[in-house]
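Student: Just dropping this structure here.
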Amino acid sequence: MSTATIAKGTGVPASLPWPGLLALSTAAFTAVVTELLPAGLLPRMAPALGVPESAVGFLVTGYAAASFVAAIPVTALLRGLPRRPVLMGTLLGFALSNAVVALSSSYGLTFAARLVAGVMGGTLWAMLAGHAARMAPAGRQGRAVAVVLAGITLALSLGVPAGTALAGAVGWRAAFGLLSGLAVVLVGWVWWRVPDFPGRPRGARLPLARVAVLPGLPVILSVTLFLLLGHQVLYTYVAPFTAYAGFARTDVVLLVFGACTVAGIWVTGLLVDRRPRATLLGALTLCAAVMLALAGYADLPGVLLGSVALWGVAFGGAPTLIQTALVDASGPDACDVATSLQTTVYNAGIAGGSLLGGVVLDARGPGVLPWTALPLVALALTAVAAGRAHAFPARSRRWSAR
């Protein structure tokens, strides 16, 4: 029996395929830690590679750029192949890349390995949500996506700090070696517990241009862009904003935000299949309210930390809600390509928001950052409110894996 069927004779959906979903969630965790770990290791990696710390920072930039460029064309090229072997191939790519980084003393070779990892990342993100939805019982696709995307939150709140601490204890090369080993273990885990799905035959594949204009998709992609722009305007520069507010502990602010994103994922998992539209509207309204509070009262420590906590809850759940809407709107035939489009838009939002925030910070100072973020979040909220018919219906659509 397919995992997407109803339990026979009961009318009750079958349980979630937890071992397979946790494998996909661990893959998401591995990808995020791989992407961001060099940012916490600048002073350690730079002398070993014979370059300044800024050049080590470019290892993160190169990964993101490769992911941005590769997501759409590589996903389109591979969508005719069976899904599980492609997933396993991306994990082997992570294993190889991290092994090279762990062993290399050449900056050029290390940078090339990071580009390979970025291509793997762009391909992986295009697959994860759609694969999770196809594995899940009908009516529980949203919760399955939430489980998988929780790997991102855990990587940001626990994985990257733990990896940085491990590098301090046993060396940065050992940290990347451990990531390589984790990816190899994941290959076996995926082969054992993640079901395979066929690729799309050439005659059945929707052209990329048609996928991009499927009903609801342009609205969903615009919400992704506006939310990431608004979020990154402030989040990228949370350290100078925290100093401007007179609170000396940026680490505490980031810890509160990270912990509350976990709570946001948990709440979203409970509501995403029953009230996805209302939950997303609530999350974006909360984000907008947070920006207002930070704009006016960030100098009060209680308001600052309380607002950051609410921001973490709201932003922790929003990507899962948007991703679920995208999978619902695209359906099983086009979800991988649609997700590759969203991956590209997501990275564009991160880059654009960071750039806009930097320009505003230099020109007007950190106090203007929440006011800059607010209209962008408001645009995302408006798009969700207007996208009831196709993009953000009151309840998730139900499609089964075939």
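Student: Expressed as a whole percent, how much of the Cα-Cα distance distribution for the range 208-386 exceeds 21 Å?
Tutor: 48
Student: Quick one: if you stick a label point 7 Å off each Cα along the C-beta vector at Phe58 and Val185, how many nm between them?
Tutor: So the two model labels end up 3.5 nm from each other.
Student: Ok, one more. Provide Rg over Rh for the range 241-342; use the alpha carbon set for both Rg and the Kirkwood Rh (inverse mean inverse pair distance).
Tutor: Rg divided by Rh gives 1.09.
Student: Additional query: In whole Hz, what ³J(HN,Hα) sequence does the range 29-37 give by Karplus (6.51, -1.76, 1.60; θ = phi - 60°), x for Gly and Pro?
Tutor: 4, 4, 5, 5, 5, 4, 5, 9, 4
Student: Right, something else. Mean residue ellipticity at 222 nm from the helices of the chain, using -39,500 (n - 2.57) per DSSP H segment of n ≥ 4 over the full residue count, to the nearest 500 deg cm²/dmol?
Tutor: Computed ellipticity for the chain at 222 nm equals -26500 deg cm²/dmol.
Student: Just subtract the alpha-carbon distance of Ala289 and Ala239 from 0.36 nm times their residue separation and send over the number in nm, one decimal.
Tutor: 15.9 nm
Student: Å³ per residue of the Cα convex hull, for the range 87-217?
Tutor: Hull volume normalised by residue count: 148 Å³.
Student: Among Gly246, Gly282, Gly367, which one shows the highest mean-square fluctuation when the chain is modelled as a Gaussian network with alpha-carbon springs under 10 Å?
Tutor: Gly246
Student: Another question about this same structure. Please list, by residue number, everything in the range 18-50 whose backbone N is under 16 Å from a paramagnetic label point 7 Å out along Cα→Cβ of Leu166.
Tutor: Only 26-41 fall inside the zone, counting backbone N under 16 Å.
Student: Whole number please: convex hull volume per residue, Cα atoms of the range 170-273, in Å³.
Tutor: Per-residue hull volume (Cα only) is 239 Å³.
Student: Work out, in µm²/s and without decimals, the Stokes-Einstein translational diffusion coefficient of the chain at 37 °C, 0.692 mPa s, Rh from Kirkwood over C-alpha pairs. Before the final figure, lay out the partial values.
Tutor: Numbers: Rh = 21.4 Å.
Calculated translational D: 153 µm²/s.
Student: Using the alpha carbon gyration tensor of the range 295-376, what are the three equivalent-ellipsoid semi-axes (square root of 5 times each eigenvalue), largest first, in whole Å?
Tutor: Equivalent-ellipsoid dimensions as semi-axes: 32, 18, 8 Å.
Student: With a 10 Å cut-off between alpha carbons and a GNM built on the chain, which of Ala239, Ala338, Ala144 moves the most?
Tutor: The residue with the greatest mean-square fluctuation here is Ala239.
Student: R0 = 35 Å: FRET efficiency of Arg249 with Leu77, Cβ-based, nearest 0.05? Before the final figure, lay out each step's value.
Tutor: Numbers: r = 47 Å, r/R0 = 1.35.
It comes to 0.15.
Student: Say each of Ala278 and Asp196 gets a label point 7 Å from the Cα, pointing the same way as Cα to Cβ; how far apart are those two points in nm?
Tutor: Computed distance between label sites Ala278 and Asp196 equals 4.3 nm.
Student: Obtain the nm distance between the two label points defined at Ala39 and Ala259 by a simple spin-label model: each point lies 7 Å from its Cα along the Cα-to-C-beta direction.
Tutor: Reported label-point gap for Ala39 and Ala259 is 2.1 nm.
Every number here is computed from the coordinates shown, using simple stated rules; none is lab data. Not measured: the values here are computed from a predicted model. As a convention, Cβ positions derive from the backbone with ideal geometry for all residues, glycine included, and neighbour counts pool all protein chains shown.
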